[in-house]
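The values are calculated or read from the model by the stated rules, or taken from the named source; none is laboratory data. Only a predicted model underlies this, so the values are computations on that prediction, with no experimental measurement involved. With ideal geometry, Cβ positions are generated from the backbone for all residues, glycine too; neighbour counts draw on all protein chains shown. Ligands, DNA and RNA are stripped out before the accessible areas are found, and what is left, the full protein with its side chains, is counted by its heavy atoms. Shrake-Rupley method; radii C 1.70, N 1.55, O 1.52, S 1.80 Å.
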Amino acid sequence: MNYMSIKLQNVNYIYGIGTGQEKHALKNINLEINDGEFIGLAGHTGSGKSTLVQLLNGLIRASGGTIYYNGQNIYDKLYNMRDLRSRVGLVFQYPEHQLFETTVINDVQFGPKNLGLPQLEVELRSFKALKMTGIGDDLLDVSPFTLSGGQKRRVAIAGILAMQPEVLVLDEPVAGLDPAGRDEILGLLKKLHDDNNITIILVSHSMDDIAKYVDRMLVMNNGEIVLDGKPAEVFQFEKELEQTGLGVPQAVKVIHQLREAGASIKGKPVTAEESASAIYNWLKYS
Amino acid sequence: MLRDITIGQYYPAESAIHRLDPRVKVVATFIYIISLFCFKQLSGYIIAALFFLCMVKLSRVPFKFITRGIKPIIFMLIFTAALNLLWTSGENVLIKAGFITITAEGVKKMVFMALRLVFLIIGSSLMTLTTTPNQLTDAIESLFKPLNKVKVPVHEIAMMMSIALRFIPILVEETDKIMKAQLARGADFESGNVIQRIKSMVPIFIPLFVSAARRANDLALAMDARCYHGGEGRTKMKPLKYKKKDIAAYLVMLCYICLIIAAGRILPV
Ligand SMILES: Nc1ncnc2c1ncn2[C@@H]1O[C@H](COP(=O)(O)OP(=O)(O)O)[C@@H](O)[C@H]1O
Ligand SMILES: [Mg+2]
């Protein structure tokens, strides 16, 4: 497989053209996503995150601008959109709302079946995906509607994983889950990224959720990407982040407040553990 | 994808028509529709069209929104036009080919009938474009209140109507979302024969029904939690009250209907 990348050039998106209630949801987005990156896309509600991710697999068409996947313009007449959709797997917000089959295993097989794979391959991929998401064998033949919220969500994610996309995009995958369910899913994504080197784009409006996992962070505000960089760098802009209604993770906030009070803490800690050891070092050596 | 549906679509604007009491608009639309059947000659059509154009101008709704309402009925329009054209007998035969006879009377009837249908549709669209669904149900509840006396549950019917109207855009949005989610899983809604296409709808309909049931359940609970108990003794936050401009609007409608009837008696064509 050659080098994968997604490139957006001057992409705009306007909802409701010609209805009198137009909404400029994306404004001149320029962005490049490289192979194997683990990206966090943050922004408050209505900033355009969901719109942006739907553009990436061609579900909606940009009102202006171009998108390149592996160097090919996806708006080219000859470009195969269905192929793109199998390469860029998109897990929608509340994906459990799209379950429809009689059993869990049948539902997961829907995606790979649509790819036209042989039955054996379909089953193999589905079992693998369910195993990855931690759905036990005892649940394979039950109706997905009888599962708990967290289990349903994992089945739905398995449905996309079974298609083995090159890029996995997840729109608020942990919204409405309890802390345990949240950590489980985020940990699963981390493992998926580390083991299979698959590109992951994780959408969230919570900084705490993504700070720990991602290598690169994009912050959106009002349809624009306002910050782009490593989490530690992005969190230096606490004022700006607060203005966009996001703020920084609690662990980063504590460090910033201690510094303001005169503590000379070194480094750019992001997670609670990193912050704790930074504070420990400061207390010990100062 | 599904956003072309125009039922109950509201066009927000600041205009004299938007500000009218919704009851006036419902009654006026009713009068307008009746008026369409009060004349037979060309002059009536001209008056009805001019009157309508004035109202559109007053409402500040762009004309293309009004005509958009015709799109869904275009098939019906063609069908009735064809029926009128072929089945009207008359003396002035224009074309005669086999069993098909087209007469001048048929052409005239076709044109007039089609015009009537178009006026009827765009007349009612003007009402829904300038009145929010909530105002509309308020108006209907208020206008049909007398039926309470004969044990028709007017409030409950109006409530059901407003809930249904409220849910149309939500369900349309939901359908759109589910469709996209299944497309992302490689679903194909466009190719194959009729049976395959119907089958391909299953992954849309099941989640849609599940979600509609869930929403209905939530709504019922929320209404219960707020002690909703039907129409009896219930007061309105914004009770409908006629103002001077509403009376004026009724007078305008009265003048219009008189004019149409008079034109029908006096004018030769
Ligand atoms: N189907 C739609 N029709 C009209 N406006 C929409 C639609 N979907 C989203 N929007 C608007 O576009 C903006 C961006 O929405 P979205 O991408 O869903 O934001 P986010 O996912 O960051 O919450 C919002 O202001 C929203 O109201
Ligand atoms: Mg969103």
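For this structure, a couple of remarks:
- Exposed-site-free run, longest, chain A (rule: trypsin sites (Lys or Arg not before Pro); DSSP loop; at most 15 other C-beta within 10 Å): A:78-265
- Extension gain for B:LEU58 to B:LEU42 (0.36 nm times residue separation, less C-alpha to C-alpha distance): 3.3 nm.
- Members of A:LYS27/A:LYS212; B:LYS40/B:LYS108; B:LYS40/B:LYS109; A:LYS230/A:LYS284; B:LYS149/B:LYS238; A:LYS49/A:LYS268 lying beyond 18 Å, as alpha-carbon distances in this model show: A:LYS27/A:LYS212; A:LYS230/A:LYS284; B:LYS149/B:LYS238; A:LYS49/A:LYS268
- Sites matching chymotrypsin sites (Phe, Trp or Tyr not before Pro) across the stretch B:98-147 that sit in DSSP coil, with at most 10 neighbouring C-beta atoms within 10 Å: B:PHE99
- Using a probe of 1.4 Å, the accessible surface attributed to A:THR45 totals some 110 Å² when neighbouring protein chains are kept in position.
- Proximal charge balance of A:MET132 [Cβ under 11 Å; K/R count +1, D/E count -1]: +4
- Rough spin-label spacing in nm, given labels placed 7 Å along Cα→Cβ, for A:LYS253 and A:LEU78: 5.5 nm
- The distance separating the Cα centre of the stretch B:116-140 from that of the stretch A:84-157 comes to 45 Å.
- Label-to-label distance, A:ARG61 versus B:ARG19, with points set 7 angstrom from Cα along the beta-carbon direction: 4.3 nm.
- Segment B:ILE33-B:LEU219, length gained on full extension (0.36 nm per residue, minus Cα span): 63.4 nm
- Loop-located GluC sites (Glu not before Pro) across the stretch B:148-194 with a Cβ neighbour count of 16 or fewer within 10 Å are B:GLU190, with loop assigned by DSSP.
- Scattering from chain B was approximated by placing one identical point on each alpha carbon and applying the Debye formula without solvent; log10 I(q)/I(0) at 0.08, 0.14 1/Å stands at -0.50, -1.15.
- Cleavage-rule hits (trypsin sites (Lys or Arg not before Pro)) in the stretch B:128-219: DSSP loop, at most 14 neighbouring Cβ within 10 angstrom: B:LYS151
- Relative contact order for chain B, counting Cα pairs under 8 Å that sit 6 or more residues apart, in percent: 30 percent
- Chain A, relative contact order [Cα under 8 Å, separation at least 6], %: 22 percent
- For the stretch A:4-248, with all protein chains in place and a probe radius of 1.4 Å, 47% of the accessible heavy-atom surface sits on carbon or sulfur.
- Here each label is just a point 7 Å from Cα along the line to Cβ, and for B:THR67 and A:LYS284 those points are 7.8 nm apart.
- Per residue solvent-accessible surface (Å²) - the stretch B:61-206, probe of 1.4 Å: 58 Å²
- The accessible-area loss of the stretch A:111-129 on complex formation, taken against its chain alone with a 1.4 Å probe, reaches 20 Å² or more at A:ASN114.
- The C-alpha atoms of chain A define a longest principal axis, and helix A:119-132 lies at about 20 degrees to it.
- Rounded to 10°, Cα long-axis angle of helix A:250-260 versus longest principal axis of chain A: 20 degrees
- Förster radius 45 Å - calculated FRET efficiency between A:SER148 and A:GLU238, Cβ distance, rounded to 0.05: 0.75
- To the nearest ten degrees, helix A:272-285 and the longest principal axis of the Cα atoms of chain A are 20 degrees apart.
- Ligands, DNA and RNA excluded, the heavy atoms of B:CYS258 present near 80 Å² of accessible surface to a 1.4 Å solvent probe.
- List B:ILE163, A:ILE33, ordered by accessible area with a 1.4 Å probe, largest first: B:ILE163, A:ILE33
- Helix screen, chain B: DSSP H segments with Cα axial length of 27 Å or more and mean Kyte-Doolittle hydropathy at least 0.0 are B:104-130, B:154-184, B:202-225, B:244-266.
- The contact between chain A and chain B removes approximately 1900 Å² from the accessible area (both sides summed; 1.4 Å probe; ligands, DNA and RNA excluded).
- Against the compact-protein benchmark of 2.2 N^0.38 Å, the Cα-based radius of gyration of the stretch A:4-248 scales to 1.01.
- In the frame of its principal axes, the protein assembly as shown has Cα extents of 105, 63, 48 Å, reported largest first.
- Only helices enter this figure: runs of n ≥ 4 DSSP H residues, each worth -39500 (n - 2.57), summed and divided by the residues of chain B, yield -22000 deg cm²/dmol at 222 nm to the nearest 500.
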